[in-house]
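Engineer: Dropping the structure in here first, questions after.
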Amino acid sequence: MSIFDKFGAIASLRDDFMELGVNPFNVVIEEVLSATEAVVNGRRTILAGTNNYLGLTFDERCIAAGKAALEGQGTGTTGSRMANGTYAGHLALEEELAEFFGCPAAIVFSTGYIANLGILSTLPGPRDPILLDADSHASIYDGCRLGTGEVIRFRHNDAADLDRRLARLGERAASALIVVEGIYSMLGDQAPLQEIVAVKKKYGAYLLVDEAHSLGVLGEHGRGLVEQAGVADEVDFIVGTFSKSLGAIGGFCVSRWAELEHVRYAMRPYIFTASSSPAIIESTRVALAVLKDQGGELRARLWDNAHRLYLGLQRLGFSLGPETSPVVAVSLGRSKEAALGIWHELLARGVYVNLVMPPATPNSNCLLRCSLSAAHTPEQVDAIVEAFAALQTQVAAC
Ligand code: PMP
């Protein structure tokens with residue numbers, strides 16, 4: 001009996017992938033050409049599965065800020081925020097995030113995953129109820145597992161189900177933390193935030209919104225679904241990431257409660273990991289400034305692309321997520337082999353999308369998850385539609 005025996009099923013799936021010559025879960029970007037193109041398998045390929053919503057990964061101002069920090073402050077902080085890894089840049093970014101969201105408190109983390117781990121493992125105390133949308137991201141589930149709160153799942157985007165579950169908690173509902181996402185990463189659908197806020201208010205509970213996929217994408221100023229829904233005063237915590245619209249890596253939490261600052265010193269995922277390098281922090285600060293100053297233009301381009309792709313695929317009869325979004329998911333059947341074949345054909349046609357298989361999908365079907373960027377040209381979006389059009393028969397049979 002080997003310690004590796006339990007990975008047998010994964011190993012055989014990987015062997016199947018290797019027969020195709022490319023593993024969909026380990027695609028190598030051999031050369032990055034731009035925010036929307038790369039060389040994959042020796043071929044020039046349109047990147048249609050990044051989270052580079054505003055296309056800022058090649059923004060000259062962000063690159064210049066990163067380079068200057070690298071040269072002036074070195075390659076890394078070599079320590080955690082509490083020990084020796086808080087640089088002036090970390091604090092400046094926290095201030096800028098707090099100002100952007102109009103909140104008194106902000107904390108920067110090394111990744112978005114770690115932000116959820118830190119907050120969700122620490123804020124709810126022993127047996128405090130945490131009400132999670134069933135389709136929550138793995139980092140939200142993992143944060144809860146690391147902590148001592150009691151996880152109660154409610155049906156995806158179903159405020160009535162949330163209401164029923166809070167009602168059953170009696171007085172405990174007032175210390176409950178409700179967790180939803182602005183845009184859900186798999187199907188691109190948005191939380192019914194006004195309805196959720198109404199339920200939250202009814203029970204006096206707390207609400208956390210993960211805006212990982214909606215920062216920069218929704219809201220007049222790009223602050224996310226909370227801004228778009230006009231409920232900023234009712235949302236207690238916003239978590240987000242620098243790895244999508246801001247084109248870098250890192251995470252944050254902001255709150256309308258100044259007491260968030262007290263939580264900083266209790267979060268193991270904050271305390272026991274190295275802080276982000278100066279280059280990352282400085283490029284993120286500039287990306288946030290670009291989002292503030294030119295976010296409107298970039299958002300308009302992003303949404304034009306989203307409508308173009310959604311409509312194009314809808315006209316071809318594909319089964320898509322419930323609403324237009326920069327995440328456009330084509331739903332396939334349950335056959336992993338068939339889904340893999342279609343994904344591979346798309347790649348051979350120069351279009352790289354994300355292949356998502358159950359259990360990572362919300363409905364047990366395989367998904368081809370496309371995501372758009374403000375940096376895509378309309379011609380690139382048309383090329384994505386054409387690649388799918390060529391595979392219509394296979395998708396229908398899948
Ligand atoms: N929350 C959500 C909803 C996400 O989709 C992701 C990443 N896909 C994260 C958190 C984690 O962010 P990061 O990749 O920056 O760690």
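The values are calculated or read from the model by the stated rules, or taken from the named source; none is laboratory data. Keep in mind that this is a model prediction, so the values were computed, not measured. Cβ coordinates were reconstructed from backbone atoms using ideal geometry, including for glycine residues, and neighbour counts include every protein chain displayed. To get the accessible areas, we keep the full protein, side chains included, count just its heavy atoms, and leave off ligands, DNA and RNA. Shrake-Rupley method; radii C 1.70, N 1.55, O 1.52, S 1.80 Å.
Engineer: Less than 11 Å Cβ to Cβ from Arg264, Lys/Arg counted +1 and Asp/Glu -1: what total charge do the surrounding residues give?
Structural biologist: My count for the surroundings of Arg264 gives -2.
Engineer: In the chain, carbon and sulfur make up what percent of the accessible area (probe 1.4 Å)?
Structural biologist: 53
Engineer: Can you tell me which of 32-43, 151-162 comes out highest on packing, and rank the rest after it, using the mean Cβ neighbours within 10 Å?
Structural biologist: In descending order of packing, they fall as 151-162, 32-43.
Engineer: Please sort 203-209, 362-368 by packing, taking for each peptide the average over its residues of neighbouring beta carbons within 10 angstrom, highest first.
Structural biologist: By packing density, highest mean first, the sequence is 203-209, 362-368.
Engineer: If you put +1 on each Lys and Arg Cβ and -1 on each Asp and Glu Cβ, how big is the dipole of the range 77-276 around its Cα centre, in Debye rounded to 20?
Structural biologist: 620
Engineer: In addition: Around Glu220, what is the net charge, scoring Lys/Arg as +1 and Asp/Glu as -1 over all other residues with Cβ under 15 Å from its Cβ?
Structural biologist: -1
Engineer: Please label the shape of the range 284-398 as rounded, prolate or oblate, based on the square roots a ≥ b ≥ c of the eigenvalues of the alpha-carbon gyration tensor (a/c under 1.5 means rounded; beyond that, a/b larger than b/c means prolate, else oblate).
Structural biologist: prolate
Engineer: Now for a separate question. Return the calculated 222 nm mean residue ellipticity for the chain, to the nearest 500 deg cm²/dmol, obtained by summing -39500 (n - 2.57) across DSSP H runs with n ≥ 4 and dividing by the residue count.
Structural biologist: Only helices count here, giving -12500 deg cm²/dmol.
Engineer: Packing-wise, with mean Cβ within 10 Å as the measure, how do 4-17, 83-96 rank, highest first?
Structural biologist: 83-96, 4-17
Engineer: Moving on to the next point. Would you list which lysines come within 23 Å of Lys244, measuring only between C-alpha atoms, while excluding same-chain residues fewer than 8 positions from it?
Structural biologist: Output for Lys244: Lys67, Lys292.
Engineer: Moving to a separate point now. Taking the Cα centre of the chain as the origin, how large is its charge dipole in debye, to the nearest 20, when only Lys and Arg (+1) and Asp and Glu (-1) carry charge on their Cβ atoms?
Structural biologist: Charge dipole of the chain: 680 debye, to the nearest 20.
Engineer: Ok, one more. Net charge within 14 Å of Asp135 by Cβ-Cβ distance, Lys/Arg positive one each and Asp/Glu negative one each, not counting Asp135 itself?
Structural biologist: -3
Engineer: Only Lys, Arg, Asp and Glu count, each charged at its Cβ (+1, +1, -1, -1), so figure out the dipole size of the range 292-398 about its Cα centre, rounded to 20 debye.
Structural biologist: Dipole magnitude for the range 292-398 comes out near 240 debye.
Engineer: Hey, what's the chain come to in accessible area per residue, 1.4 Å probe, Å²?
Structural biologist: Here the per-residue accessible area is 43 Å².
Engineer: What is the range 1-99 by shape, rounded, prolate or oblate, if you read a ≥ b ≥ c off the alpha carbon gyration tensor as root eigenvalues and call it rounded for a/c under 1.5, prolate for a/b larger than b/c, and oblate otherwise?
Structural biologist: Cα axes put the range 1-99 in the oblate bin.
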